[in-house]
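Readers should treat all values here as calculations from the given coordinates under stated rules, not as data from a laboratory. Since the model is a prediction, treat every value here as computed from it, not as a measurement. With ideal geometry, Cβ positions are generated from the backbone for all residues, glycine too; neighbour counts draw on all protein chains shown.
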Amino acid sequence: MQGANFDVVVVGGGISGIQAALDLADQDHKVLLVERAASIGGKMISLSKTFPTLDCSSCITTPKMSAAFHHRNIQVWTSTEVERVESRDGVRKVHLRKHPTYVDNSLCIGCRLCEYACPVEYPDPFEEGLGAQRAIAVPFTNALPQKAVLNPRYCIACGACIKACPTDAVRFDQEEERLTVEAGAVVLTTGFVLNALELKREYNAARSANIISPLQLERLLAPHGPYGRVLRPSDGKVPGNVAFVLCAGSRDQSIGVPYCSRFCCMYSIKQAMLLSGALPTAELTIYYMDIRAFGKGHEQFYQNAKAMGIQFVKAKVASIEPVTGDDLSLRVELEEEGGRVAERRHDLVVLAQGAIPVFEPSKALNTPAAEDGFLRQPDPVRITWTGVEGVFAAGCALGPKDIVDSIVEAGAAAMEASRFLALRAAGGSPGKEPDQLTNPIET
Amino acid sequence: MIRGSAQVESVASEPRIGVYVCRCGGNISDVIDTEKVAETIKLVPGVRVSKVHSFMCSEPGQAMIAEDIKKEQLNRVVVASCSPFLHELTFRVAVRRGGLNPYLYEHVNIREQGSWAHHGDPEGATVKAIRLVAAAVHRLYHAEPLEQIRLPSHRRALVIGGGIAGLKAAVDLAAKGVGVVLVEREPELGGRVLGLARLFPTDDSGRAQIDRLVREVCNNPNIEVLTGTVIKGVSGFLGNYDIAVGPALAAGAAGVDVGGAKDKKLSVGAIIVATGHDYYRPSLGEYGFKRYTQVVTMPEFIDLLAGASGDGIQWNGQRIHRIGFMHCVGSRQIEGIHPPQGDGKVNDYCSRVCCTTVLHQAVHAKRRFPNLAVFDFHQDIRTYGRLHEDYYRRASEAGVIFFRFHGDDPPLVEEGVDGFPIQVRLKDWLTWGEEVVVPLDLLVLAVGMVARDNRELVNLLKLPTGADRFFQEVHPKLRPVETSVNGILLAGSAQAPMTIEETLASASAAASKAACLLAHDSVELEPFKARVDADKCIGCGLCFPECAYEGALVRTSVEREGKTVTLAKVNPGLCVGCGACVPVCPTRAIDLQGWTLNQFEAMVDGLLSAPLPSKEVTSESSSHGQTH
């Protein structure tokens, strides 16, 4: 594999990366899709349903995953992390680290016998820690590839998987590999992570299991989720009074995330709607600063939620305190009552955490990040160009955005990358396009 | 022209059918007893394998099907799962992986039409699922292997609209070696962006961005630009569209220079619709519009501010000291509160760009004229995009004063007192709903974006529009820039309100999709087309008036027993497979490939003869199911 050559390396196998890879491959480019996790699918594959159409998320992600995985022009490398991208002398060099999975993928048939034999269970990362996972397992039902992965942090090296495996695929001695591939262009679709649930100390998430992240609620709402129904984590009680706290990690200078994370309003409304279906008697309250329902069909979705009886309260949530019965007391400043401060009690609280970047441009691409930490977009007409020759980006790598906007932008990045390759092949010098590297925001 | 469709071999005599029932991770199996469906369907003749899986669309599910085809020598496959819209193609590909012709496959929807529709009646839903699957099995008894139709295509695209979306799509496609014809109705390229003096978040002028793209367009020999030109006629299909264009205004109209635009015919393979938007036009008296001269729209204000001299903003000879911005004018309208638009509907959508536009203009105005008092009337501040929130912060820091109203109780614009021409009266919900009166010299209405009146184009292209009157994509996530007409794509604000950055992304995405469709010299079409059996056709011509697709049915002369007879023939490129011609044929000479009359009859047999699981579940008990 060392020295392998591709037209384009797409970094990140979430929905943006999958879409970019598909668009490039359909234009006959040879694509390498690199994913750090053991399966492609990104955040989207773990969601329950998507706003505003309420499509089942698995149902619209799996066909794209499958199409990319089986495309004759796409190679997919999972458990592979990009360390550095170099752009020099007209060539992109991508330095990769292939993490050991302790399973030989050429032999594993995904039968899961190792998983059934493994005696160790740990909190399932796919279920956001709510369910249990074996120390060796196929990561989740519709993971792609369907190959077992051993987690060395929990493995007790008992050898049960080795005995159970019908193809002798388990390799305790597998080691990390480092390799470098060359490509004409690179598309970065490295996505986002949520900032820590415990980040705002006044919300006391560390002191209550019933203050949960929106991704945990997605799993609780998924039909194939950890419990098969919505239960609160501390005691398995069916929640009867749920609070959503918006902007709990965004639009907040004090935690260094002054920007809007863009999708929280809508997924919170969606989650409240799905909860009102799952728990018809539950009271559902969304505490907000502004409801940002700006996309196609979003405002109508918001108005439907209001008509369904979901409470929208314009308020600042000052603090959250655990109280008796594993419940939570929210201290809120009710804006529509002249700033009156009230204590509101809920039995489950969802914090809309902020979306922050994963990729570090200064370390991995030798280029400074934008002020918000995401990749820069220095050219106002080629918005998916990162400012580094031959390196493009899409989706949340360029700042938070919803699935629709990410998919469209992925198509755009594929177009720019393909265009770059075409110009280069024609002997043009695409790197010499108008230089607009000044910081776009005036000071 | 048609690859392999003439040699429709009948498949191995004995059907060996595999049935695969999907649980959809509970979406189906929480209501329908999927195990029982799979078990019961084994009783239908020809079913060799019948299995259940949690996610049939996942890799293990697909692999299972492909493997069974080889191992059990299956020659037909049924999957009972979600809507075919989502996964019919997925399973056709899986079936082909197993070595079987992908059209020996039948998709049964037991989710949207089963578990979701009948969630209160599990037994009834289970019986219905069994009947639907049995019908599919019977239909497959008569299935024939089909091949996609491959037709040569033009590696050239038509881009309709020379605004920023059309320009961007054109330069992207041309760089890929795809020829482009860019058609613009106006005499000049550039569209609405030309009128924007300062863009957020770059503070560039609109003209600077347009000039750059126009330069690229004009320097590219692959792009032909036709300004002052409109689309007059469209026929054809993916890969082979025939377009007629002509001057935008009737030639010879007195005093109108059409810039030399001529009637012309074009052949293209794909069409990108980049026709943009209009600004909302407030009705007479809406927020004082046209009642008070001091009420202007945002585009008017942008010009006013750009043209303001060093000593301040002047309007109608008056110096402006106090200025207000009204959000959501023509957007987020509520039925019963706002008067309906021309089509009887209100604009219930958010126009997405106005909040940031207001704050961007407010910040700019405050910076140029620090003594200006600026007031903002909003419902929510939707500065969602990258760097947008910055304008909100800077507006607050610059002293812009915010008021918040409820959509069902919009502010009133009244005649002012104490020398102020107008005033805004509202309940302010940044307090406790206190009634406030704000005297102003000028009120700017942040008018929303509305779909253009594209009636002619809609008719020519046969494109669907949504309830918001914008062009409708096939699926917002699966196919966000494609329309239901194969080969026609959407770019920019013709689809929905969007910012310039989002418009550029959408234009490039549409160009990318066009480049995929036109990557080769030919295109492939689905084989579900009408077929005429020349031996049975008597040339009666009854089918012709039924066909709604010009050119899909053509007359062809053949020699028969020494005489020349005129028979019907299908042009598979233009036939959409609607089937309107089939029932009028007196000799059953016309049939739809993949949907033959025999197959329909067999489906009815299947529905009625389906084995039902056990005594307590009968069609009778399900019909007594409670209604709620």
Exercise: per-residue mean of other protein chain Cβ atoms within 10 Å, B:491-501: 2
Rounded FRET efficiency, nearest 0.05, which uses the C-beta distance separating B:R207 from A:T281 and R0 of 56 Å: 0.45
Average Cα contact separation per residue, segment A:24-137, under 8 Å, 6 or more apart, as relative contact order %: 20
Point-to-point label distance, B:V558-B:H406, nm (Cα→Cβ direction, 7 Å offset): 7.4
Stretchable slack from B:E188 to B:D278, in nm (0.36 nm times residue separation minus alpha-carbon distance): 30.7 nm
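Let me check I've understood the local charge: for A:L220, count other residues with C-beta under 10 angstrom from its C-beta, Lys and Arg +1, Asp and Glu -1. What total comes out?
Net charge around A:L220: 0.
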Relative contact order of chain B, pairs being alpha-carbon contacts under 8 Å that are 6 or more residues apart, as %: 15
For A:379-387, mean number of other protein chain Cβ atoms within 10 Å: 5
Radius 10 Å from Cβ of A:L334, net charge of other residues (Lys, Arg +1; Asp, Glu -1): 0
Segment B:431-583 - charge dipole about Cα centre, Lys and Arg +1 at Cβ, Asp and Glu -1, debye rounded to 20: 840
DSSP H segments from chain A that extend 27 Å or more along their own axis, Cα-based, with Kyte-Doolittle mean of -1.0 or above: A:403-425
DSSP beta bridge pairing in segment A:10-129, given as percent antiparallel to the nearest 5: 60
Added length on full extension, which subtracts the Cα-Cα distance from 0.36 nm per residue, B:V604 to B:Q148: 161.4 nm
Proximal lysines to B:K536, defined as alpha-carbon separation beneath 30 angstrom and excluding residues fewer than eight positions away on the same chain: B:K563, B:K569
Highest-first arrangement of B:431-439, A:4-12, B:362-370, B:507-515, where packing means the average Cβ count within 10 Å: B:507-515, A:4-12, B:362-370, B:431-439
DSSP bridge pairs, chain B: antiparallel proportion in percent, nearest 5: 50
Computed lengthening from A:A426 to A:R153, 0.36 nm per intervening residue step minus Cα-Cα distance: 93.2 nm
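Roughly how many debye, to the nearest 20, is the charge dipole of chain A about its Cα centre, given +1 on each Lys and Arg Cβ, -1 on each Asp and Glu Cβ, and no other charges?
The calculation lands at about 440 debye.
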Degrees between helix B:84-97 axis and first principal axis of chain B (Cα, 0 to 90, nearest 10): 50
Beta bridges per DSSP with both ends in the protein assembly as shown, % antiparallel, nearest 5: 50
Estimated inter-spin distance, A:A369 and B:N371, nm [label 7 Å along Cα→Cβ]: 4.5
B:E415-A:E343 FRET efficiency (beta carbon distance; Förster radius 51 Å; 0.05 resolution): 0.65
Cβ neighbours within 10 Å from other chains - mean over B:377-383: 5
Pairwise Cα inverse-distance average, inverted: Kirkwood Rh of chain B (Å): 28.8
Lysines with Cα under 28 Å of B:K70, excluding same-chain neighbours fewer than 8 positions away: A:K64, A:K147, B:K36, B:K42, B:K51
Crossing angle, helix B:597-609 versus chain B [Cα axis fit, 0-90 degrees, rounded to tens]: 80
Of B:K345/B:K513; A:K93/B:K477; A:K49/A:K98; A:K49/A:K296; A:K270/A:K316, those spanning more than 27 Å from alpha-carbon to alpha-carbon: B:K345/B:K513; A:K93/B:K477; A:K49/A:K98
Cα lying deepest toward the dipole's positive end in chain A, options A:A243, A:L279, A:G256, charges on Cβ: A:L279
Cα gyration tensor shape of chain A, rounded if a/c is under 1.5, else prolate or oblate by comparing a/b with b/c: oblate
Calculated log₁₀ intensity ratio I(q)/I(0) where the Debye formula runs over C-alpha points of the protein assembly as shown, q = 0.07, 0.08, 0.09 Å⁻¹: -0.70, -0.93, -1.18
